[in-house]
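Accompanying notes for the structure given below.
The values are calculated or read from the model by the stated rules, or taken from the named source; none is laboratory data. Everything numeric here is computed off the predicted structure, so don't read it as measured data. FYI the Cβ positions are ideal-geometry reconstructions off the backbone, even for glycines, and counts take in every protein chain you see. Surface accessibility is based on the protein's heavy atoms, side chains included, excluding ligands, DNA and RNA. Shrake-Rupley method; radii C 1.70, N 1.55, O 1.52, S 1.80 Å.
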Amino acid sequence: AATALICAAASVQVTAGANSLGGVGEMLSNMGISYELLVLAYVSSLATKLADTFASEIGKAYGKTTFLITTFERVAPGTEGAVSLEGTVAAAFGGSILPIYAYGIGLLSGGSATVLIGIATFAAFMATNAESLIGATLQGKKGMEWMTNEVVNFFNTVIGAGIAIGLGRMLL
């Protein structure tokens, strides 16, 4: 949610005119990050969180076999960094719901439906897998007590937004 708020605030600054506001709006505009890319990042960050929730909840409830993402060793459902086929499919589905809705109501613009929805869904899916990797390697480790689930979720949404901006700059 914090990432989405940052993207939304930045998009308002870019829309209002980078030169009149200075600061963040000017910096983003100079980096070639348009209003459309910020909205895509906003949608992707929220889609990332939904993909993660779908993966976690459906994976725990219906995952027949769960593996640690780093070693593919079988682990109990709910283990940090555990993935399952059911949870992975659920992540892809969950990550597509908000981008489809956002395009349908006209929030996403600047490209074709397939490209915009595809970028946001792909970003959400990849970020959710990155979150599993972070959970497996850093969360709960000695010296990493600050790496709580909330911090991992923040990084998750930042990664989703970042992937969307990167792909958007390349494909739009």
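Counting only residues that are closer than 23 Å to Gly87 by Cα and open to solvent by 70 Å² or more (accessible area, probe 1.4 Å), segment 156-172 holds 0 of them.
Selection of segment 140-162 for residues being of a type outside the set (Val, Ile, Thr) and in a helix (DSSP H, G or I) yields Asn149, Glu150, Asn153, Phe154, Phe155, Asn156, Gly160, Ala161, Gly162. The sole residue among Thr66, Thr114 that is free of Cβ contacts under 8 Å to residues at least 24 places away in the same chain and either small (Gly, Ala, Ser) or surrounded by fewer than 20 Cβ atoms within 10 Å (Cβ to Cβ) (or both) is Thr114.
Look at (1) out of contact with any Phe, Trp or Tyr (no Cβ under 8 Å at 6 or more places or on another chain); (2) part of a helix (DSSP H, G or I); (3) farther than 23 Å from Ile58 by Cα and you find that Leu116 fails only one, number (1). Give the residues of segment 29-38 that are surrounded by fewer than 24 Cβ atoms within 10 Å (Cβ to Cβ) and on the phi < 0 side of the Ramachandran plot, sorted by residue number. Passing the criteria: Ser29, Asn30, Met31, Ile33, Ser34, Tyr35, Glu36.
Just checking: which of the helices (runs of 4 or more DSSP H) contained wholly in segment 1-65 hold 3 or more residues that are modelled with pLDDT under 80 and either within 24 Å of Asn153 (Cα to Cα) or touching a strand residue (DSSP E or B) at 6+ places or on another chain (Cβ under 9 Å) (or both)? Where helices (runs of 4 or more DSSP H) fall fully within segment 1-65 and carry at least 3 residues being modelled with pLDDT under 80 and either within 24 Å of Asn153 (Cα to Cα) or touching a strand residue (DSSP E or B) at 6+ places or on another chain (Cβ under 9 Å) (or both), they are 2-21. I'd like to know if segment 58-67 contains one or more residues that are under 13 Å from Leu40 (Cβ atoms) and touching an Asp or Glu at 6+ places or on another chain (Cβ under 7 Å). No, the conditions are met nowhere in segment 58-67.
Look through segment 69-104, keep the residues that are among the β-branched types (Val, Ile, Thr) and over 18 Å from Gly140 (Cβ atoms), and return whichever of them is surrounded by the most Cβ atoms within 10 Å (Cβ to Cβ). Among them, the one singled out is Thr88.
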